[in-house]
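Reading through the structure tokens given below for one structure.
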């Protein structure tokens, strides 16, 4: 039943030095391996996706990641459809070095399309499985696939079209577990995570560590 009268809320003067909270700018809460998987998911319903065009340069992609504080960009065409993903490892790791050794040229000439992982080679996790999973399941999935990131997909309830719903990042998971990660090496990342947590397989905890 609707109330006939509502009291005004108390107000206060904004203090000097007050800033504002950008989308996704909250401090990620600490979690455990048996916390719900959604607790470590970057939800694109709440945080704008970090994107870039395929014809952008590798240097522009790196700067875009730095500006957004991320290590993965969705590569999209003019219509906004996903063509691939590009990560910090793709732009600053061994991949561009090897490509230049094989094909020649200069680093400044490399663009996103040269270095990205194309859509047809990207595997993603369905949101329905994420909702039934724990953080440990995501850690195991990333580790076993030797990846720092995983995309989550769902379907538009009206059109039924697939869409990218969210992103898992090993670095973010480590941060929320309270572990410092400063490396691109996948094996090092998960060794650090597991030393402070546990190893999981889907549906059960395999090894518990202190």
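Please treat every number below as a calculation from the coordinates, not as lab data. None of these values were measured; they are calculated from a predicted model. Counting neighbours? That spans all protein chains shown, and the Cβs are built from the backbone with ideal geometry, glycine included.
Full extension of the segment from residue 101 to residue 126, taken as 0.36 nm per residue of separation minus the current Cα-Cα distance, would add 5.2 nm.
Need one word for the range 37-204: rounded, prolate or oblate. Basis is the Cα gyration tensor (sqrt eigenvalues a ≥ b ≥ c); a/c below 1.5 gives rounded, then a/b vs b/c decides. Since a/c reaches 1.5 but b/c is at least a/b, the shape of the range 37-204 is classed as oblate. Its relative contact order, with pairs defined as Cα atoms under 8 Å and 6+ residues apart, puts the range 1-159 at 24 percent. Sorting 8-18, 83-93, 114-124 by their mean Cβ neighbour count within 10 Å, with the most densely packed peptide first, gives 83-93, 114-124, 8-18. Here the simple spin-label model places points 7 Å from the Cα toward Cβ, and for residue 156 and residue 16 these points are separated by 5.1 nm. With both labels modelled 7 Å from their Cα along Cα-to-Cβ, the residue 108 to residue 38 distance reads 4.8 nm. Sorting 31-40, 136-145 by their mean Cβ neighbour count within 10 Å, with the most densely packed peptide first, gives 136-145, 31-40.
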